[in-house]
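Notes follow once the structure below has been shown.
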There are 2 protein chains.
Amino acid sequence: MALSFISPLLPHHDHNRCREKALQTADRICDNRGVRLTPMRRQVLELIWESHKAIKAYDLLERITPKAGTTKPVTVYRALNFLMEQGLIHKVESLNAFIGCSFSDHQHQQLLLTCSNCQEVEERPAEAVMEAIDRELEQASFTIYYKAIEIHGLCTHCAKIDATANHIIE
Amino acid sequence: MALSFISPLLPHHDHNRCREKALQTADRICDNRGVRLTPMRRQVLELIWESHKAIKAYDLLERITPKAGTTKPVTVYRALNFLMEQGLIHKVESLNAFIGCSFSDHQHQQLLLTCSNCQEVEERPAEAVMEAIDRELEQASFTIYYKAIEIHGLCTHCAKIDATANHIIE
DNA sequence: GTTATTATGTTACTATATAACATTACTTTA
DNA sequence: TAAAGTAATGTTATATAGTAACATAATAAC
């Protein structure tokens with residue numbers, strides 16, 4: 001099976017590059033828009049990009065430096081709100097947690113697939129799904145402001161590991 | 001424009017019938033499954049069906065009788081969890097609130113359309129959307145456990161009212 | 001350099017949800 | 001039908017999530 005690109009969710013991708021790219025993109029986007037990616041906001045974004053798992057506001061709070069543990073909730077929520085407004089992160093509503101957006105320059109509001117085993121979140125533009133939703137909403141004469149499309153289940157890597165484990169046991 | 005059925009979300013539908021039907025369905029479903037729709041659980045379901053707006057756990061708490069105001073959060077959350085397990089209600093994740101399920105006997109996990117103006121929630125089976133999601137997840141080799149598909153925006157009634165209001169102002 | 005604006009700090013609080021264990025209510029069956 | 005087992009609810013306490021209101025600091029605009 002030939003992959004045309006390295007999925008960011010393959011177990012051993014170079015996550016440093018992942019994070020650096022996201023931060024550079026954020027710098028560029030904020031610069032273009034004339035909004036300020038302040039040190040606090042940038043640090044929150046960086047912490048969110050530490051992994052592909054969704055992270056909770058209070059976990060971010062503990063990791064903010066300097067004075068780790070002394071930063072107040074409102075500070076982190078303000079940074080999170082800014083990052084959401086700029087489309088740099090998503091809130092996973094069904095987890096009360098946040099992930100970096102891999103499609104900041106393009107459309108937002110992708111499908112969010114969360115693995116219940118490894119907790120990694122994959123973003124999928126899923127155009128066919130979005131078109132089906134648009135058609136459905138047109139039928140309902142419903143004007144859309146915001147979409148949260150969240151699926152929880154077992155990702156392909158965890159399914160394989162599970163299958164292997166079962167095989168060994170047999 | 002001829003409607004083939006009376007939408008439960010039309011402003012003046014007979015909501016008593018709506019609620020009664022939901023409770024009867026719940027009674028039947030629980031009976032069939034050999035699970036107990038106890039007075040507490042039934043009351044919570046009834047309170048949820050007071051309207052088509054999503055209701056929060058702590059608002060339910062205040063309305064539970066007897067001893068309104070003395071019931072503890074854990075009691076209401078236990079009832080809510082039971083009702084969710086039985087597919088009698090949905091949690092609107094992006095609101096931390098709950099609505100009655102209009103399709104308890106059939107498939108679950110519909111689209112939830114929440115109007116940001118009137119707060120009413122409409123459930124839509126939206127088969128085309130669900131099929132598109134299934135195809136997308138098959139491509140991703142993702143095994144689904146749970147879906148939350150939530151749209152916020154302006155419902156058709158509120159859009160019309162808005163349009164009328166604008167017309168009057170002009 | 002002063003003023004205006006934006007961001008962050010501080011204090012306090014509101015809102016949402018669960019853990020652990022005690023008691024009560026139903027169900028089973030001896 | 002009384003005893004035992006199971007399921008539901010009560011009680012106390014606490015964990016987790018998020019915001020309001022006002023003070024101070026940092027940056028931008030003039």
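The values are calculated or read from the model by the stated rules, or taken from the named source; none is laboratory data. Please read these numbers as outputs of a predicted model, since none were measured by experiment. Cβ sites come from the backbone with ideal geometry, for glycine too, and all protein chains shown count toward neighbours. Heads up: the accessible areas ignore ligands, DNA and RNA and are worked out on the full protein's heavy atoms, side chains in. Shrake-Rupley method; radii C 1.70, N 1.55, O 1.52, S 1.80 Å.
A compact table of results
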| read-out | value |
| --- | --- |
| Residue satisfying all of: in the stretch B:49-75; aliphatic (A, V, I, L, M) and in contact with a helix residue (DSSP H, G or I) (Cβ under 7 Å, 6 or more places away or on another chain); farthest from DNA strand C (Cβ to nearest atom) among these | B:Ala68 |
| Scan of the stretch B:113-126 for residues that are out of contact with any helix residue (DSSP H, G or I) (no Cβ under 9 Å at 6 or more places or on another chain), farther than 17 Å from B:Cys18 by Cβ and open to solvent by 10 Å² or more (accessible area, probe 1.4 Å), ordered by number | B:Pro125 |
| Residue ID - farthest from DNA strand C (Cβ to nearest atom), chosen from residues in the stretch B:78-113 that are facing another protein chain (nearest Cβ under 9 Å) and of a type outside the set (A, V, I, L, M) | B:Ser94 |
| Per-region count, the stretch A:18-40, residues open to solvent by less than 70 Å² (accessible area, probe 1.4 Å) and of a type in the set (Lys, Arg) | 1 |
| Residue in the stretch A:104-120 that is within 15 Å of DNA strand D (Cβ to nearest atom), farther than 25 Å from B:Cys155 by Cα and at pLDDT 95 or above present | yes |
| Of residues in the stretch A:24-42 being away from DNA strand C (no atom under 15 Å from the Cβ) and under 17 Å from the mean Cα position of the chain (by Cα), the one nearest to the other protein chains (Cβ to nearest Cβ) | A:Thr25 |
| Total residues in the stretch B:53-67, condition farther than 27 Å from B:Asn117 by Cβ and away from DNA strand D (no atom under 12 Å from the Cβ) | 0 |
| Of all residues making up the stretch B:82-103, the number that are surrounded by 18 or more Cβ atoms within 10 Å (Cβ to Cβ) and more than 21 Å from A:Asn96 (Cα to Cα) | 7 |
| Any hit, the stretch A:43-52, residues being more than 14 Å from the chain's Cα centre (by Cα), away from DNA strand D (no atom under 16 Å from the Cβ) and either surrounded by 12 or more Cβ atoms within 10 Å (Cβ to Cβ) or at pLDDT below 95 (or both) | no |
| B:Glu150 being open to solvent by less than 70 Å² (accessible area, probe 1.4 Å), at pLDDT 95 or above and more than 9 Å from chain A (Cβ to nearest Cβ) | no |
| Failed item, numbered, when A:Asp134 is tested on (1) buried (at least 21 other Cβ atoms within 10 Å of the Cβ); (2) more than 16 Å from DNA strand D (Cβ to nearest atom) | (1) |
